[in-house]
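To start, the structure under review is shown below, and the notes come after it.
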Amino acid sequence: MNENQKDSKRFIAVGLMLFALFFGAGNLIFPAAMGQHAGANVWWSVLGFIVTGVGLPLAGVLAIGYSGCENLQELAGRVTPKFGLFFTVLSYLTIGPFFATPRTGSVSYEIAVRPFLHDGGSDLHMTIFLVIFFVISYWLSATPSKLVDRIGKILTPCLLVTILALIAKSFITPLGVPLAADPQYGTTTLAMVQGILDGYNTMDAIASLVFAILVVEFVREAGATTPSEVTRDVFKAGVVAVGCLAFVYIFIAKIGADSVTAIGMQDTGAPVLSLSAKILFGEVGAMLLAVIVLLACLSTSIGLITSCATYFQQLIGGMGYKAYAAVFSIISFCVAMFGLKTIISAAIPVLMFIYPIVVALVILTFLHKFFGGRQCVYAWTIGLTIIPAVVTGLQTAKFSLGSIDVFFNNTVPLHDLGMSWLCFAVAGFIIGLIWKTAVSSKTEA
């Protein structure tokens, strides 16, 4: 009985660690903004948001555990080894020093620091804050073996308590009632589809393939040995993490939906949260929000720096883990100095390219035994998925493709919803199965 209690506590600690690694300020901002626009249809949009913001990260964590692969590069290498290397490096750089890690520092400054500066802040203020932020991130990530204790047992409970306080007060003194939904959320179907797309913004499906490695290592240390045991234990930790995510998304979206009558429609979720917090708690509310954002961003930054440093130290070598952690902390600081708006704008086209590939790869992982793990199925499916992913990414970047744009806009199903990759992925999977039947594995090899 005591042993079972220890195991339960261990899974809860690992699950809370995973939640903290996933959960950044963006996970607060996006559902808040979605709630404002969804209005009366907020619950349908939340349902869609949970599919991609909760379901896909859980699927990504399980995919790594189920696959038996040691890392993302090995999993993506099932397509081809070169693709595995390319996609893994791109994924780590995207959720690491190029976009997501710098965003944690910039968001922290914009929401948790700048509102308290009487003059609105300056470049000097931002520089000082970012230096402190990334120095702390480096210090906490320099000893990754203590991640569970430092994040799972300390930072995460504090984070959850502050969020719960904000949610509880919103029920005690509601901000208002939801208004009519914006056109893109105008029907239950549209609200759900738009919620699915909004869930992409969290980037957690990409991060799940990286963070899952840490979870797999922890459950193996706890005694799991066989693939089935690893999958089972990873699932337990994953459920804890995504359960917390779902809870937060649901009620933060509700706050956003209720807030329109009190604060009006805002451009992003950041002022939705800050203004709502001030109404609910006064100046104390602003400080409460600052605590939430700082804890969320700091814990995410630690996880990203740790994961990137570990991967590139193994890939390239030449210097130790701590040196790589320092390098990525410095790069993240430099990118963060460009400001939040620039970072977000630059990340969107890259995200539109990566996300379809991530989802297709996760699905293929679970279907691996169905098609005998044949490389041709992986190659055809991912190969065709890349085509609309490239087109959507370039269109998002406002890059004109001429007749290709016309074809995709007017002919390809779901392209207007950003999901044309689904058709190509299914087609690639079918072709891969046909190829598998026509060509022997020996010939393919």
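Just the residues that are open to solvent by less than 50 Å² (accessible area, probe 1.4 Å) and either outside any helix (DSSP H, G or I) or closer than 19 Å to THR202 by Cα (or both), please, taken from segment 315-325.
GLY317, GLY320
Output the number of residues of segment 282-293 satisfying the condition of being surrounded by fewer than 24 Cβ atoms within 10 Å (Cβ to Cβ) and part of a helix (DSSP H, G or I). I'd like the intermediate steps shown before the answer.
Pass one, segment 282-293, residues surrounded by fewer than 24 Cβ atoms within 10 Å (Cβ to Cβ): 282-288, 290-291.
Right, trim to part of a helix (DSSP H, G or I) and you get 283-288, 290-291.
Summing the residues that are surrounded by fewer than 24 Cβ atoms within 10 Å (Cβ to Cβ) and part of a helix (DSSP H, G or I) in segment 282-293 gives 8.
Restricted to segment 194-222, and to residues there that are β-branched (Val, Ile, Thr) and within 16 Å of TYR249 (Cα to Cα), the residue that is nearest to the chain's Cα centre (by Cα) is THR202.
Which fully enclosed helices (runs of 4 or more DSSP H) of segment 211-281 have 1 or more residues being open to solvent by 10 Å² or more (accessible area, probe 1.4 Å) and at pLDDT below 85?
Details: elements: 227-258, 260-263, 269-281.
In segment 211-281, the matching helices (runs of 4 or more DSSP H) lie at 227-258, 269-281.
Confirm whether ILE357 is in contact with a Phe, Trp or Tyr (Cβ under 8 Å, 6 or more places away or on another chain), under 23 Å from GLY68 (Cβ atoms) and either among the polar types (S, T, N, Q) or assigned to a helix (DSSP H, G or I) (or both). Answer is yes for this residue.
Looking at segment 183-202, which of its residues are assigned to a loop (DSSP other than H, G, I, E, B) and open to solvent by less than 10 Å² (accessible area, probe 1.4 Å)? Full working, then the answer.
Looking only at segment 183-202, we keep the residues that are assigned to a loop (DSSP other than H, G, I, E, B), and these are 186-187, 201-202.
Result: THR202, single match.
Out of PHE328, PHE353, PHE312, I need the residue that is of a type outside the set (A, V, I, L, M), under 20 Å from the mean Cα position of the chain (by Cα) and open to solvent by less than 30 Å² (accessible area, probe 1.4 Å). Which one?
Details: PHE353 fails: open to solvent by less than 30 Å² (accessible area, probe 1.4 Å); PHE312 fails: under 20 Å from the mean Cα position of the chain (by Cα).
Matching residue, one of PHE328, PHE353, PHE312: PHE328.
Restricting attention to segment 389-404, the residues that are at pLDDT below 90 and open to solvent by less than 60 Å² (accessible area, probe 1.4 Å) total 4. VAL51: surrounded by fewer than 23 Cβ atoms within 10 Å (Cβ to Cβ) and more than 14 Å from LEU361 (Cα to Cα), yes or no? Yes. Among the residues of segment 413-437, those that are among the aliphatic types (A, V, I, L, M) and either touching a strand residue (DSSP E or B) at 6+ places or on another chain (Cβ under 6 Å) or modelled with pLDDT of 90 or more (or both) comprise LEU422, ALA425, VAL426, ALA427, ILE430, ILE431, LEU433, ILE434.
The values are calculated or read from the model by the stated rules, or taken from the named source; none is laboratory data. These numbers come from a predicted model, not from an experiment. A quick note on method: Cβ atoms are made from the backbone with ideal geometry, for glycine too, and the neighbour counts reach across all protein chains shown. In case anyone asks, the SASA skips ligands and DNA or RNA and just uses the protein heavy atoms, side chains included. Shrake-Rupley method; radii C 1.70, N 1.55, O 1.52, S 1.80 Å.
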